[in-house]
Number of protein chains: 2
Amino acid sequence: MNHLWTKRLVNLLRLSALIVAFSSSISASANNVILIIGDGMDDNQITIARNYLVGSNGQLLLDQLPMRSAVQVLSVDEDNPKRAIYVADSANSATSMATGGITSPGRIGTTAGADLDMVNIVELAKQQDIKIGLVTTASITDATPASFYAHVNERGCENPEAMVNYEKYAGIVIDCSQDLKGNGGLGSISEQLISSGVDVALGGGMKHFTPLAEGSEQTVLGLAETNGYKVISDAEQLSGDHGGKLLGLFSPSTMPVRWHGEDGREAEKAKTSFLHRFHNMLGSVTYPEPMGCEDNPGYAGMPSLAAMTATALTELQSDEASFFLMVESASIDKQAHGRKACGSIGELQQLDEALAVALEFAKSSPDTLILVTADHGHAAQILSERTIYEGIDIPIYSPGYLVRVNTPEGAIMTVNYATNNFVSEEHTGISVPLLTNQEGIGRVSAMIRQPDIFTLVKDYLLD
Amino acid sequence: MNHLWTKRLVNLLRLSALIVAFSSSISASANNVILIIGDGMDDNQITIARNYLVGSNGQLLLDQLPMRSAVQVLSVDEDNPKRAIYVADSANSATSMATGGITSPGRIGTTAGADLDMVNIVELAKQQDIKIGLVTTASITDATPASFYAHVNERGCENPEAMVNYEKYAGIVIDCSQDLKGNGGLGSISEQLISSGVDVALGGGMKHFTPLAEGSEQTVLGLAETNGYKVISDAEQLSGDHGGKLLGLFSPSTMPVRWHGEDGREAEKAKTSFLHRFHNMLGSVTYPEPMGCEDNPGYAGMPSLAAMTATALTELQSDEASFFLMVESASIDKQAHGRKACGSIGELQQLDEALAVALEFAKSSPDTLILVTADHGHAAQILSERTIYEGIDIPIYSPGYLVRVNTPEGAIMTVNYATNNFVSEEHTGISVPLLTNQEGIGRVSAMIRQPDIFTLVKDYLLD
């Protein structure tokens, strides 16, 4: 781990140079909001990351925020929008935060059933010349960021090519036709981004900008430049002096994560002996070998979430105008779908580092409301290293997939993924945390509905 | 459901008669603490209960408390007490709350490895003539209440008979010999209760009081009466005028829960078709039929947790002296071990009703700190009614056990239990919530360690 911490220190020193810039612009009139979303970051994920990163007795930076609430995640059935459903996806939950409404899973800024566009915070903010930044480790067109600027039928409608017979996976074809410009729609998500007026957009997803825009001879990327965006695709370019609007796309789709399991290992099933085939109480069980987390080679050259957040803040800050910045740590969720505990842990560490940048910014701009929350729960659970029934002489084990992580404090943490038998785990319906800085005190109650995050942001940000 | 609500109303009206008594004794000097523990009540359990009891958009009473924190649950390894382990049981987590220390699973008020007695809040409070009440739906000798007054090697040492070769289950023999009075110990948990000075103890567990006390010709129950306890065993006796010390034991062990699944159904495995035996991607899957929750006939005649709480408050309240009351809703955990979602929901409803009694009391005694928390996480997860991969033509299902609950708001909530293949599920290592009334504001930070609950109680309660 030591080399990781050295590298991290170097990165933090680089960031501090950026952060120095913040201190020169103390604003009296601007009210800023930084909304940090850990995708799938329920209290299971936070506890897993805490145990690994600072020990079970330690505190992450987000643990040290002064105000905590629980958020009720609300979804409705597409076929019967008056009927509750109890598990959300990133599309409908981010739509709740972005618009204050409730919709069905898969939808981006549109109502369940009726498919009406829902007014989002970015549209309201632009009316008051408030600057907008979006930062993510996913594609900038992925469900969470998209919900803040786009309106489509289905989250898969990410680019002009996907608008026509896009096969999402295994025979699932997304029908985006009603959102085609030719059919009176607003076009794909990437096309909507470049005409949304968003000032800074940093993340992955280059592949969604290389197709030709609908009815145009230019690519979406070309149109972005026509629309005044400076386009960058290399981490080194983050620290330049940009001015104007900035679009940074650092990978074809989701950005590679910082860590993975030793030798790339993922969660594995417990192995039972031959005798166990004959009866549940017979034979023996072998749990997966413990593993450490290690650098993911694919991450080399990627900007950190903190570095992107610092650049966004440098671009957005001004003496007079307010800004809204959404920062998403996307792969807590994506790595949990893939049963990769180390990937989720490294990604949550990225979120905590981005929070450090935000808090540093708020020191010089105290009228900055910082919110840290999640969109929905996820599959991972911490199980005991040994079953609580270990004295019983029968093989007891999870029916799902397990990662046993060697933690730096010298213990073994068992993470269980057991929501389905598919290649990708399910979300869960647990309420999620909301943490705020000092500015949240008195503005947030101990329990809120997810759509109320929109109201909270709006009331703080807009006149 | 309607008959249930009617019965509940009648019960609440009965309670209100008891509560009227509170208003006559406004105290200026007494500082009281009511610590309400939902055993296993993590945010999964709260969300499951909320969805069923008030709808996903509704709020339980505990959701309306003004202050929320997250609690880090801390455990250590019995064989190496400097080594963290990441999942607790009720014994070591309640010991943390009762003593401010950290110990290993299974231990009651004793240190890991060295087996030293840890001073608990009841012992400190008795030194200042503070009155003590303990209320639970488990045996009053079960791990959670026991941690507040007893010191033993292992939670199974509940009564004099269990002190000698007690077989807990399936060949697991508990060695309690070191705690025998004859060996210089304090005796079994039930014997320790009746000499602890606890003023009011209400719950289940009569069977732990019927054996002869060690070295005595009296039963533990007989000794309790000798020690000044009035013993009651019928719900009707709760409302009498007791005076002195009160021991209420309303069932042989754990009190039966209010609800169970339709026709007594528990969680069931999804069923797959014949073809699925040959390959994971072949065949079809049938999920368990949805069910409602219904009255558990075994609950008839049991006092509610709210009724016991009201009696305890009536007995404990005084103009001059403070009191400490611990109230445990025990079967959120016990029913989750048994994969019984309706049981856990009804038990969490009991907790919410007990909280109503506590809040009503605090109206007339404003110097009352009310804490609602859990001891550890549990197995249950809410899954989507339909997998998020439902469009894919392969059978996708949880490898664990499912309960599909028809909720009163007209939807189906799927609860997943998938931590092991045994007859009883595992705990999980998620952080747990802490909610407080107005008195908690400024006294609790947004994230605390579980042992800090002891400090919080001590600082509020003691001079």
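Residues in the stretch B:173-182: is at least one outside the structural domain of B:I392 (by TED's automatic domain parsing), over 26 Å from B:I132 (Cβ atoms) and in a strand (DSSP E or B)?
The answer is yes, given that some residue of the stretch B:173-182 is outside the structural domain of B:I392 (by TED's automatic domain parsing), over 26 Å from B:I132 (Cβ atoms) and in a strand (DSSP E or B).
Could you pull out every one of the strands (runs of 3 or more DSSP E) wholly within the stretch B:203-281 that has 1 or more residues that are among the hydroxyl-bearing types (S, T, Y) and closer than 30 Å to B:G346 by Cβ?
Details: elements: B:229-232, B:245-249, B:259-261.
In the stretch B:203-281, the matching strands (runs of 3 or more DSSP E) lie at B:229-232.
Regarding B:A321, is this residue in contact with a strand residue (DSSP E or B) (Cβ under 7 Å, 6 or more places away or on another chain) and surrounded by 23 or more Cβ atoms within 10 Å (Cβ to Cβ)? Break it down into steps so the answer makes sense when it comes.
Values: in contact with a strand residue (DSSP E or B) (Cβ under 7 Å, 6 or more places away or on another chain): yes; surrounded by 23 or more Cβ atoms within 10 Å (Cβ to Cβ): no.
Spelling it out, it is not the case that B:A321 is in contact with a strand residue (DSSP E or B) (Cβ under 7 Å, 6 or more places away or on another chain) and surrounded by 23 or more Cβ atoms within 10 Å (Cβ to Cβ).
Would the stretch A:437-454 turn up any residue that is closer than 30 Å to B:I441 by Cα, within 9 Å of another protein chain (Cβ to nearest Cβ), out of contact with any strand residue (DSSP E or B) (no Cβ under 6 Å at 6 or more places or on another chain) and polar (S, T, N, Q)? Break it down stepwise before answering.
Going residue by residue through the stretch A:437-454, those that are closer than 30 Å to B:I441 by Cα are A:437-454.
Adding the requirement that they be within 9 Å of another protein chain (Cβ to nearest Cβ) leaves A:445-447, A:449.
Filter once more, keeping what is out of contact with any strand residue (DSSP E or B) (no Cβ under 6 Å at 6 or more places or on another chain): A:445.
The next check asks that each one be polar (S, T, N, Q); those that pass are A:445.
Scanning the stretch A:437-454 turns up at least one residue that is closer than 30 Å to B:I441 by Cα, within 9 Å of another protein chain (Cβ to nearest Cβ), out of contact with any strand residue (DSSP E or B) (no Cβ under 6 Å at 6 or more places or on another chain) and polar (S, T, N, Q).
From the list A:S364, A:S331, exactly one residue is surrounded by fewer than 24 Cβ atoms within 10 Å (Cβ to Cβ), among the polar types (S, T, N, Q) and on the phi < 0 side of the Ramachandran plot. Which is it? Write out each step before concluding.
Values: A:S331 fails: surrounded by fewer than 24 Cβ atoms within 10 Å (Cβ to Cβ).
Among A:S364, A:S331, only A:S364 is surrounded by fewer than 24 Cβ atoms within 10 Å (Cβ to Cβ), among the polar types (S, T, N, Q) and on the phi < 0 side of the Ramachandran plot.
Which count do you get for residues in the stretch B:298-313 that are surrounded by fewer than 21 Cβ atoms within 10 Å (Cβ to Cβ) and outside any loop (DSSP other than H, G, I, E, B)? Before you say what the answer is, go through the steps one by one.
Step one: filter the stretch B:298-313 for residues surrounded by fewer than 21 Cβ atoms within 10 Å (Cβ to Cβ), giving B:298-302.
Filter once more, so that each one left must be outside any loop (DSSP other than H, G, I, E, B): B:298-299.
Qualifying residue count, the stretch B:298-313: 2.
When residues of the stretch A:53-109 are filtered for being surrounded by fewer than 24 Cβ atoms within 10 Å (Cβ to Cβ), assigned to a loop (DSSP other than H, G, I, E, B), more than 8 Å from every other protein chain (Cβ to nearest Cβ) and not charged (D, E, K, R), how many remain?
Of the residues in the stretch A:53-109, 10 are surrounded by fewer than 24 Cβ atoms within 10 Å (Cβ to Cβ), assigned to a loop (DSSP other than H, G, I, E, B), more than 8 Å from every other protein chain (Cβ to nearest Cβ) and not charged (D, E, K, R).
Are any residues in the stretch B:429-446 buried (at least 24 other Cβ atoms within 10 Å of the Cβ) and either of a type in the set (D, E, K, R) or touching an Asp or Glu at 6+ places or on another chain (Cβ under 7 Å) (or both), and if so, which ones? Talk me through it step by step, then tell me what you get.
Here is the first cut: in the stretch B:429-446, the residues buried (at least 24 other Cβ atoms within 10 Å of the Cβ) are B:429-435.
Those that are buried (at least 24 other Cβ atoms within 10 Å of the Cβ) and either of a type in the set (D, E, K, R) or touching an Asp or Glu at 6+ places or on another chain (Cβ under 7 Å) (or both): B:I430, B:S431, B:V432, B:P433.
List pairs: first in the stretch A:385-407 and farther than 26 Å from B:R155 by Cβ, second among the aromatic types (F, W, Y) and surrounded by 20 or more Cβ atoms within 10 Å (Cβ to Cβ), Cβ under 8 Å, 6+ apart or cross-chain?
Correct list of pairs: A:G400/A:Y417; A:Y401/A:Y417; A:L402/A:Y417; A:V403/A:Y417; A:V405/A:Y52; A:T407/A:Y52.
With the condition being within 14 Å of chain A (Cβ to nearest Cβ) and out of contact with any Phe, Trp or Tyr (no Cβ under 6 Å at 6 or more places or on another chain), I'd like the strands (runs of 3 or more DSSP E) fully within the stretch B:322-413 carrying at least 1 qualifying residues.
On the way: elements: B:323-329, B:368-374, B:381-383, B:401-406.
Strands (runs of 3 or more DSSP E) meeting the threshold: B:368-374, B:381-383, B:401-406.
Give all pairs with beta carbons closer than 6 Å in which a residue from the stretch B:138-151 that is assigned by TED's automatic domain parsing to the domain that holds B:D115 and buried (at least 24 other Cβ atoms within 10 Å of the Cβ) meets a residue that is outside any helix (DSSP H, G or I) and basic (K, R); count only pairs at least 6 apart in sequence or on separate chains.
B:A143/B:R155
Here is a yes/no grid of residues against (1) free of Cβ contacts under 8 Å to residues at least 12 places away in the same chain; (2) not assigned by TED's automatic domain parsing to the domain that holds B:S331:
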| position | (1), (2) |
| --- | --- |
| B:E217 | yes, no |
| B:I232 | no, no |
| B:H279 | yes, yes |
| B:P288 | no, yes |
| B:M291 | no, yes |
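So which residues in the stretch A:115-155 are assigned to a loop (DSSP other than H, G, I, E, B), of a type outside the set (V, I, T) and within 15 Å of the chain's Cα centre (by Cα), if there are any at all?
Within the stretch A:115-155, A:D142, A:S147, A:F148, A:R155 qualify.
Considering only residues of the stretch A:414-432 that are in a strand (DSSP E or B) and at the interface with another protein chain (Cβ under 7 Å from one of its Cβ atoms), which is farthest from B:P105 (Cα to Cα)? Let's see the steps before the verdict.
So in the stretch A:414-432, the residues in a strand (DSSP E or B) come out as A:414-417, A:427-428, A:432.
Cutting the leftovers down to at the interface with another protein chain (Cβ under 7 Å from one of its Cβ atoms) gives us A:416, A:427-428.
Numbers: A:N416: 20, A:H427: 30, A:T428: 28 Å.
My answer is A:H427.
Across the stretch A:277-297, what is the number of residues that are within 14 Å of chain B (Cβ to nearest Cβ), surrounded by 13 or more Cβ atoms within 10 Å (Cβ to Cβ) and not β-branched (V, I, T)?
The qualifying residues number 7.
Kindly evaluate A:E158 against the criterion of being charged (D, E, K, R), outside any helix (DSSP H, G or I) and surrounded by fewer than 23 Cβ atoms within 10 Å (Cβ to Cβ).
Taking the combined requirement at face value, the residue does not satisfy it.
What is the number of the single condition among (1) surrounded by 16 or more Cβ atoms within 10 Å (Cβ to Cβ); (2) of a type in the set (S, T, N, Q); (3) more than 30 Å from B:G292 (Cα to Cα) that B:T254 does not meet?
Looking at each condition in turn, B:T254 falls short on (3).
Quick check, is B:L186 out of contact with any strand residue (DSSP E or B) (no Cβ under 7 Å at 6 or more places or on another chain), assigned by TED's automatic domain parsing to the domain that holds B:P145 and in a loop (DSSP other than H, G, I, E, B)?
Yes.
Of the residues B:V231, B:V173, which single one is over 28 Å from A:I388 (Cα atoms) and among the hydrophobic types (A, V, I, L, M, F, W, C)? Please lay out each step first, then the result.
Values: B:V173 fails: over 28 Å from A:I388 (Cα atoms).
From the options B:V231, B:V173, the qualifying one is B:V231.
The values are calculated or read from the model by the stated rules, or taken from the named source; none is laboratory data. Model, not experiment: these values are computed from the prediction. Backbone-built Cβ (ideal geometry, glycine too); neighbour counts: all protein chains shown.
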